[in-house]
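Engineer: Right, I'll just put the structure down here and ask away after.
The values are calculated or read from the model by the stated rules, or taken from the named source; none is laboratory data. All values derive from a computational prediction rather than experimental measurement. Positions of Cβ are backbone-derived with ideal geometry, glycine not excepted, and every protein chain shown enters the neighbour counts.
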Amino acid sequence: MLASVLTAFGAMAQSQQMSDEELLRNFRQTVQKRDIAKRHLESNIPLSSMAPATKGNNAKSLPEDRVWFPGEWEEVQAICVTPYYIYRVPGYETNGSWMADPLVSGYAEYLQYSVSGWQQRGMGPYISVMDTVSTFGKVFFYLMDGIQLGGAEAWVRVEKPEDSAKVIRTLTRMNLRHDNVRFIVGKGNSFWYRDCGPIAFYYGDQDSLGMLDFTYYPGRALDDSLPSLIHWQMGIPNYLTPIEWEGGNCLVDGAGMVFSSDAIYSNNADRYGQLTWDGQDPNSINYSQATPLTQAQVRQGLHDLLGQRATYVLPAYQYDGGTGHVDLYADAYDENGFVFSVMPSNYSNWTDYRTGARNIDSLCSYKSIFDRDYYTMATLPFPSTDNGGNFSSQTQYNNQYTRTYSNHTFVNNVILQPCFSSVVNGQPSADWDRANIEAVAAAYPGYTIYPVDVREFDGSGGAIHCVTKQIPAENPIRILHKNLHGTFAIGEMTQIPVSAIITNKSGIASAVVYWREEGSEEWNTLELSANGNRFNGLMPRIESAMPQHSVEYYISATSNNGKTITKPMTASQGGYYTFTYTDGESVDSTMFDFDTLPMPMEDITFAFGSSWVEQDGDEPRPLAGIEEAEMEENFGQFYPNPATDEAHMAINLGNGESYTVSIIDQSGRTIHTSSLMAAGHIEYTINAGRLASGVYNVVFSNKDARVVRRLIVK
């Protein structure tokens, strides 16, 4: 794909022979790095001569009812991740200076390393090898373990169905959790699932789950198909948009506000779309044409799609590994404010030091859903070099490190947390690193911190947040709360108002505030009164001889269908809201009122505009060659579907074909295998009555082709 890719280790390569491990690291830091936004401009693959097609009548919008993009701190059912795959050139499997970079399913670009970088050496089939032993490869298995610790399923993308057993064996061998894993089967390019994965949302009165699928970097068509794989194999509706955007550059407050950086503008300014091909002829691989978008169109597109209250685009960092993504320094703690990574003053001459300070000021000047400024909940320390020292320059930081403690992932009451020294007994081993992780824990009260050494990601532009993607929980209870925080005077007030918006598809049975004076062992309770979905009550002030009073509190809500959740979610682990009040004369009116939502509920609900989205189909299509185009025409669809007894499919086997038929359940397990040998037009039948209720993939494969059909059994 590239005529030449310059490497961060060029000087080293000229003076000494690089080991296979160093070559692989270099490959990740160049060819597989997080940011490849402009690589297509240097590619030998042509731009299609065909103008971009219009969606016409294929465009669809969601039902005209409320849409809710939850914040990352809200409850999740699963996190998507993949093991690390090394792609090898046939005949050079043990030669580290030869690597393959997948383009489409089963076809890759070949690259050979020289002192000037990775040089293109043609294209052809490739071999995918799951890395279960290297330091880098093990990171992804630790993430699977931490995901399960947080009470979520690890949705693991594997290249082949049989790879699922290898994942389980590796987790078992490493003494890690392996009981809550499901598998998504499909080809991939890399491991940056934050950026290529879907942005999930709720819609409708039943809080149905859907996905919004932005276009990923041109050149990573297989990764770009991940939301479609989730749609086909997990059954979640998927809505595609031609706007090019990465999940790491998306920051939402869970209440209709979206933030991004201006890196999104240049990515949408050219005509390069995603790689396509006809599934057979390698000469047909090309970049589809896209419609260039102006900055105004990009902003309007984001606003129409998910920023229904407001959309803000901030200046991008210039020395952050190349992405310009906001997830390297900003984290929405909840709907009220942010936690920031702040560079220390000794880096004040860095360009990004000044950009960061301005962006933090900007974020905290915008209005939350409660019509008050967002505020800084906490700040995180800035990482160091391996010996605890300073980075020599912003260029060194950009090229060799790009470390940040902000690049972590929430998994309910757990945070998968980057650290930069080996982890021993659940803690970083370096004193400076351990002290910084303790500061991270203090910034997120109540969360269980799961540290993972991510030094192998150095120089590639990201870490844990970049390789994981949340899938929100079913049956959510949503609590929007204008929290009490800081120190303020209440004068002669004898009661303190507390309010929240609380919703669930079944309705809310009860909402209770638990509060106590800081240091007390006993909790007091306050039952909140309901007015529709608005709940409020009056918390009695504390009477004592103390001149000021610190209070800890949290909200617990129970739905009519029996689910209970707290706000903050980590309340059971000590994550409370805390505020302090004095007996002074003034009252902070932004702190005390029942006007929880200063705008009508209908003003933060919307439907997608048909000019920006189209709905993914129910059947796999030849996206980046995932299916063989010609063979697709020979296989029909199962009927009836869903099935309770027998399911049938019409197949044209021509002059005679032989296939292996595999039935794969939702966890990725192959539950039945058989052979199919016949000729002409046949009707293939499955006895669905012998299968448990659920969704299955039925795979027809031989040495030349692989076709997948989805079967739902009631």
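Engineer: I want to confirm something. Restricting to the range 17-26 and keeping residues that are touching a residue at least 24 places away in the same chain (Cβ under 8 Å) and either of a type in the set (Asp, Glu) or not assigned by TED's automatic domain parsing to the domain that holds ASN95 (or both), which single residue is surrounded by the most Cβ atoms within 10 Å (Cβ to Cβ)? Lay out the reasoning, then the answer.
Structural biologist: So the first thing to find is which residues in the range 17-26 are touching a residue at least 24 places away in the same chain (Cβ under 8 Å), and the list is 18-21, 23-26.
Adding the requirement that they be either of a type in the set (Asp, Glu) or not assigned by TED's automatic domain parsing to the domain that holds ASN95 (or both) leaves 20-21.
Working: ASP20: 11, GLU21: 13.
Ranking the candidates gives GLU21 first.
Engineer: Scan (1) at pLDDT 70 or above; (2) in contact with an Asp or Glu (Cβ under 7 Å, 6 or more places away or on another chain) for the single condition THR30 breaks and write down its number.
Structural biologist: (2)
Engineer: Can you tell me which of (1) modelled with pLDDT of 90 or more; (2) closer than 21 Å to ASP195 by Cβ; (3) not assigned by TED's automatic domain parsing to the domain that holds LEU328 is the one PRO70 doesn't meet?
Structural biologist: (3)
Engineer: Which of the residues spanning the range 506-536 are under 16 Å from LEU480 (Cβ atoms) and surrounded by 13 or more Cβ atoms within 10 Å (Cβ to Cβ)?
Structural biologist: The answer is ILE508, ALA511, VAL513, LEU528, ALA530, ASN533, ARG534, PHE535, ASN536.
Engineer: Within the bounds of the range 652-667, is there any residue that is modelled with pLDDT of 80 or more, within 30 Å of PHE214 (Cβ to Cβ), surrounded by 12 or more Cβ atoms within 10 Å (Cβ to Cβ) and under 29 Å from the mean Cα position of the chain (by Cα)?
Structural biologist: Yes.
Engineer: Looking at (1) in the same structural domain as THR170 (by TED's automatic domain parsing); (2) surrounded by fewer than 16 Cβ atoms within 10 Å (Cβ to Cβ); (3) modelled with pLDDT of 75 or more; (4) of a type in the set (D, E, K, R), which is the only condition GLU42 fails?
Structural biologist: If we test GLU42 against (1) in the same structural domain as THR170 (by TED's automatic domain parsing); (2) surrounded by fewer than 16 Cβ atoms within 10 Å (Cβ to Cβ); (3) modelled with pLDDT of 75 or more; (4) of a type in the set (D, E, K, R), just (3) comes out false.
Engineer: Could you list, in sequence order, all residues of the range 319-362 that are in contact with a strand residue (DSSP E or B) (Cβ under 6 Å, 6 or more places away or on another chain), β-branched (Val, Ile, Thr) and free of Cβ contacts under 8 Å to residues at least 60 places away in the same chain?
Structural biologist: Within the range 319-362, VAL342, ILE360 meet the criteria.
Engineer: Does the range 82-90 contain at least one residue that is buried (at least 23 other Cβ atoms within 10 Å of the Cβ), out of contact with any Gly (no Cβ under 8 Å at 6 or more places or on another chain), among the β-branched types (Val, Ile, Thr) and farther than 19 Å from GLU21 by Cβ?
Structural biologist: no
Engineer: Enumerate the strands (runs of 3 or more DSSP E) found wholly within the range 101-174, keeping only those where 2 or more residues are in contact with a helix residue (DSSP H, G or I) (Cβ under 7 Å, 6 or more places away or on another chain) and in the same structural domain as VAL661 (by TED's automatic domain parsing). It would help to see each step written out before you state the result.
Structural biologist: Numbers: elements: 107-114, 117-124, 127-130, 153-158.
Where strands (runs of 3 or more DSSP E) fall fully within the range 101-174, none carries at least 2 residues being in contact with a helix residue (DSSP H, G or I) (Cβ under 7 Å, 6 or more places away or on another chain) and in the same structural domain as VAL661 (by TED's automatic domain parsing).
Results for (1) touching a Lys or Arg at 6+ places or on another chain (Cβ under 8 Å); (2) at pLDDT 90 or above; (3) under 23 Å from GLY219 (Cβ atoms), shown as yes or no for each residue.
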{"site": "THR276", "(1), (2), (3)": "no, no, yes"}
{"site": "ASN283", "(1), (2), (3)": "no, no, yes"}
{"site": "TYR287", "(1), (2), (3)": "no, yes, yes"}
{"site": "GLN300", "(1), (2), (3)": "no, no, no"}
{"site": "ASP304", "(1), (2), (3)": "no, no, no"}
{"site": "ASP320", "(1), (2), (3)": "no, no, yes"}
{"site": "ASN336", "(1), (2), (3)": "yes, yes, no"}
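Engineer: Considering only the range 614-633, I want to know if a residue exists there that is assigned by TED's automatic domain parsing to the domain that holds ASN687, closer than 26 Å to LEU691 by Cα, surrounded by fewer than 18 Cβ atoms within 10 Å (Cβ to Cβ) and modelled with pLDDT of 80 or more.
Structural biologist: no
Engineer: Has the range 230-241 got any residue that is touching a strand residue (DSSP E or B) at 6+ places or on another chain (Cβ under 7 Å), over 30 Å from ALA296 (Cβ atoms) and assigned to a loop (DSSP other than H, G, I, E, B)?
Structural biologist: yes
Engineer: Limited to the range 537-581, what total is found for residues that are aliphatic (A, V, I, L, M), surrounded by fewer than 20 Cβ atoms within 10 Å (Cβ to Cβ) and touching a residue at least 24 places away in the same chain (Cβ under 8 Å)?
Structural biologist: First, pick out the residues of the range 537-581 that are aliphatic (A, V, I, L, M): 538-539, 542, 545-546, 551, 555, 557, 565, 569, 571.
With the extra rule that they be surrounded by fewer than 20 Cβ atoms within 10 Å (Cβ to Cβ), the set shrinks to 538-539, 542, 545-546.
Next, only the ones that are touching a residue at least 24 places away in the same chain (Cβ under 8 Å) stay: 538-539, 542.
The total comes to 3.
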